[in-house]
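Below is one structure, written out as structure tokens, with a few remarks after it.
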Amino acid sequence: MVDSTLPSQPAQYSSDEPPMPEKIGKYEIHSLVGKGSCGFVYKGFDPFVRRDVAVKTSRGFTEDHAHDEDSIQRAFFTEARAAGMLSHPHIVSLYDAGTEDGMNYLVMEFVDGDTLMPACAKNGPRLPVDKVVDIIFKCAKALDYSHSRGVLHRDIKPTNIMLTREGVPKVMDFSVAEVNDPTAVVDAKRNAVGSPLYMSPEQVQRNKLEPASDLYSLGVVMYQLLTGETPYTGADLLHLFAAIRHAPVPPVEAKRSDLPRELSTLINRLLAKKVEERYQSGRELGNDLLRIFERLKQADMNLSRRESRDSLRSLRFFDSFSDEEISEILGASHLLNYAPGQEIVREGEIDGAFYLIARGNAEVRKGNTLIDTLMKGDCFGEIGFLTATRRTATVKAADQVLALRVSSTLLDQVSTDCQLRFYKIFTQTLIYRLSLTNAKLSAAKGG
Ligand SMILES: Nc1ncnc2c1ncn2[C@@H]1O[C@H](COP(=O)(O)OP(=O)(O)OP(=O)(O)O)[C@@H](O)[C@H]1O
Ligand SMILES: [Mg+2]
């Protein structure tokens, strides 16, 4: 979907914010791209490696936490190192980390795109189900990879997953968020929005987190991508946390009618209250998502096959064919779309195919002279089909044309009965067209 991959507008400064630095460490700072709970994200440039980077800063420590500063600094760099070890196509790479004037900063791969937030918006356009499955599948692969290296994310949420312009998801802020921002829970209490919406039951109870906790949060993101809502909201943090711990998952299928049942079952498992009832690894989740993705694609193909068959069924040429025979012909030919003005066959070319127009109109031209117009149900190219001679005229789509292209070699693949029927109708059509041409010629001679 286009909307979700458009880059966001550069973030604007308000007057009480510090001016944008020209440099942070060795990195040139070009623009502000985002604001997080504990600092700013800039688009920057590494003048040595000569590549764009994202530089994420975090505020200095408050007085309250000054005594913790050393241990927090140590933890920040320990975690940054852990995140820096991760190299995966669906994880934003961490290049560098540093500290300048009491401010910590991380240097990351710059992602030209947007976060998942716009695709989660309540009243925004919803992504198709298969696209959501694809995104969550790739995030599950990323989490499986990081978990296998002992790194938990702890803060999976839409703003921590970027979508490139091509629609490829990349998970970011691995493990750093929690250590980076010791005031996160306090802040959250004040705002009652943000990360708490994505927390697992064990996380809201401040219990030990596991890979399944990250997968729970990913489940909330999936729920929101599909419905525009998180499963739980609350007037305040207390109510929200109580709902996360005790309330059953509001049925996702009630909010998204085109959802296959197996997908709502999968979401319920992702959001189970008990850790042991959930997916235990990204791999396990990925396998199920892949299976569902393939089934959705198959259903899509079946649908387009049925649509193709229906478009041929309405043509006189196929009156005496059964549905199965039409499907056979379709399997051994190509149903092609032509834009207005596009050439279907070109004068002088050798092309052994026969065409049948299923939709739209086409013009037959010899040089610049229009010699015929063709419409739905008309055929052309019979002689080329029989003898592979040069085309004697050009056929161009006059508007949007859908045409069936049949070549004799491919037709050999269909059953003998079907071939016989095809050639019978084909011959009748050819004879009818030749007699029409004859009539035109004698009329021309007579006149
Ligand atoms: N690597 C990156 N490439 C491009 N843009 C980025 C990158 N990282 C962050 N951003 C932009 O900066 C914004 C803020 O990111 P940041 O991680 O600071 O905020 P957050 O996830 O909302 O909060 P938190 O502080 O909890 O992580 C993102 O929403 C995104 O638009
Ligand atoms: Mg973030």
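Please treat every number below as a calculation from the coordinates, not as lab data. Values in this document were obtained by computation on a predicted structure and should not be read as measured data. Glycine gets a Cβ as well: all are built from the backbone with ideal geometry, and neighbour counts include every protein chain shown.
So between GLN413 and SER281, what do we pick up on full extension, going 0.36 nm a residue minus the alpha carbon distance?
On the way: separation 132, 0.36 × 132 = 47.52 nm, distance 4.57 nm.
The span from GLN413 to SER281 would gain 43.0 nm if fully extended.
Report the relative contact order of the chain, percent, no decimals, based on alpha-carbon pairs under 8 angstrom and at least 6 residues apart.
Working: 743 pairs, mean separation 46.5, N = 447.
Value for the chain: 10 percent.
Mean residue ellipticity at 222 nm from the helices of the chain, using -39,500 (n - 2.57) per DSSP H segment of n ≥ 4 over the full residue count, to the nearest 500 deg cm²/dmol? Kindly include the intermediate steps, with their values, before the conclusion.
Working: 15 runs with 180 residues, N = 447.
Computed ellipticity for the chain at 222 nm equals -12500 deg cm²/dmol.
Taking amide hydrogens as modeled 1.01 Å from N in the peptide plane, which residues meet the under 5 Å criterion relative to HIS90, leaving out close sequence neighbours?
Placed amide hydrogens put nothing under 5 Å from HIS90.
For an R0 of 35 angstrom, estimate the FRET efficiency from the Cβ-Cβ distance between GLU109 and LYS255 and round to the nearest 0.05.
Values: r = 34 Å, r/R0 = 0.98.
After rounding to 0.05, the efficiency reads 0.55.
For the pairs LYS23/LYS170; LYS138/LYS376; LYS35/LYS297; LYS376/LYS445, note any where the Cα-Cα span goes beyond 32 Å.
On the way: LYS23/LYS170 26 Å; LYS138/LYS376 44 Å; LYS35/LYS297 38 Å; LYS376/LYS445 30 Å.
Pairs exceeding 32 Å: LYS138/LYS376; LYS35/LYS297.
Of the peptides 431-442, 249-260, 274-285, 159-170, how do they stack up when ordered by the mean number of other Cβ atoms within 10 Å, highest first? Numbers along the way, then the final one.
Numbers: 431-442: 10.8, 249-260: 14.7, 274-285: 17.4, 159-170: 19.1.
Listed from highest to lowest mean packing, they are 159-170, 274-285, 249-260, 431-442.
Could you give the length gained on full extension between ARG206 and ASP372, defined as 0.36 nm per residue of separation minus the Cα-Cα distance, in nm? Walk me through the numbers before you get to the answer.
Numbers: separation 166, 0.36 × 166 = 59.76 nm, distance 7.76 nm.
Stretched out fully, the ARG206 to ASP372 stretch lengthens by 52.0 nm.
Mind listing the long-range amide H neighbours of ALA358? Cut-off is under 5 Å, sequence gap 5 or more, other chains count too, H placed in the peptide plane at 1.01 Å from N.
Under 5 Å from the amide H of ALA358: GLY377, LEU402, ALA403, LEU404.
List, in the order given, every pair from LYS56/LYS255; LYS141/LYS273; LYS43/LYS274 whose Cα-Cα distance in the structure shown is over 30 Å.
LYS56/LYS255; LYS43/LYS274
Round to the nearest 10 and give me the degree value, 0 to 90, for the angle of helix 129-148's Cα axis relative to the longest principal axis of the chain.
For 129-148 against the chain, the angle is about 40 degrees.
Skipping prolines and chain starts, which residues have an amide H placed within reach, meaning under 5 Å, of the one on ILE24, given they are 5 or more residues away or on another chain?
ILE29
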